[in-house]
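Here's the structure, in structure tokens; my notes come after.
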Amino acid sequence: MAEQNFDRATADRRAPVSGSGIPVGLFIAVVIGLLAALGIGTRYYVHGDVNAIHCLFSVFFSTNLLICYWEMCLFFRRDCVAARAQHWREWRRETGRTPAVEFLTARVPLRRILSPTVWADVWATYSMIDSAYEERGSFGFAADIGNGFVTPIPTLILYAAYTLEFLPAIVAGIIGGMLFWQWVYASSLYWVSFFVARKHARLTRHELFVYVLGLNAVWVLIPMVGVYVSVRLILDGAYGVLG
């Protein structure tokens, strides 16, 4: 019990707090925006075009790279996630407010902007929706840390290939087919595991549609487009589908 209290106190002290610093939500938007703009701008400089599909995947790949870092934080700060989840659960009971919104609007000092303990709160606040991220043996926990450690390199390869066309289109298509299909499958299976466990029964309709269906739909629908792009790259043997 004393050790648990110590862990909770440590987690609370290191959490983002209002005051000086940059809002968490703004930092996320800036990082994704800059990474996406780098790819879009580079493609325009090299090929002289701006393509809607390339722009879509520039944003998607940039988002995945940021989330991969969060998923690594989930693995390395898994004890902190459990402690902070309990903190947020009590905070929600006392205030009646949404922890995810509170976290996104909190300010984090620039000196701690890459702190794994800070970003563990992404999962601690989502634990209010799905407690799987407090359970190391759950499907959600395993799938996300797997994504965090396995997909950064193929994501970077595809991002560079879509932008610079430095790989044969067939090779890019094969890599994309494997990467996008695993996103479709894993995200769909996460929905199945969530509903089979009846975790939706304790959520409000707003929480269910926004946090479970809405956010995870991105990782099903956009990768489905990615599967189509990959098939076109393989069959066409060229990057015409991207511009």
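Assorted remarks:
- Segment 186-231: Rg to Rh, with Rh as the Kirkwood radius over Cα pairs: 1.09
- Rounded FRET efficiency, nearest 0.05, which uses the C-beta distance separating Met224 from Arg97 and R0 of 35 Å: 0.50
- Per-residue surface analysis assigns Glu102 an accessible area of about 60 Å², computed on protein heavy atoms at 1.4 Å probe radius.
- Under a 5 Å amide H cut-off, with hydrogens placed 1.01 Å from N, Val108 pairs with Ile22, Val24 among residues at least 5 apart or on other chains.
- Remark: segment 75-119 is approximated by an ellipsoid whose semi-axes, taken from the C-alpha gyration tensor as √(5λ), come to 20, 15, 6 Å, largest first.
- Using a Förster distance of 30 Å, the FRET efficiency for Ala201-Ile153 (Cβ separation, nearest 0.05): 0.15
- Distance from the alpha carbon centroid of segment 30-79 to that of segment 120-177 works out to 12 angstrom.
- Helix-only [θ]222 nm of the chain, DSSP H runs n ≥ 4, -39500 (n - 2.57) each, per residue, nearest 500: -24000 deg cm²/dmol
- Kyte-Doolittle mean at least -1.0 and Cα axial length at least 20 Å: DSSP H helices in the chain: 24-47, 52-76, 169-196, 215-236
- Rg(Cα)/(2.2 N^0.38 Å) for the chain, N = residue count: 1.09
- Modelled FRET efficiency - R0 41 Å, Ala217 with Val171, Cβ distances, 0.05 increments: 0.90
The values are calculated or read from the model by the stated rules, or taken from the named source; none is laboratory data. The structure presented is a predicted model; accordingly, all values stated were derived computationally and were not measured. When we count neighbours, we look across all protein chains shown, and the Cβ atoms used for this are built from the backbone with ideal geometry, even at glycine. Only protein heavy atoms, including side chains, enter the accessible area calculation; ligands, DNA and RNA are left aside. Shrake-Rupley method; radii C 1.70, N 1.55, O 1.52, S 1.80 Å.
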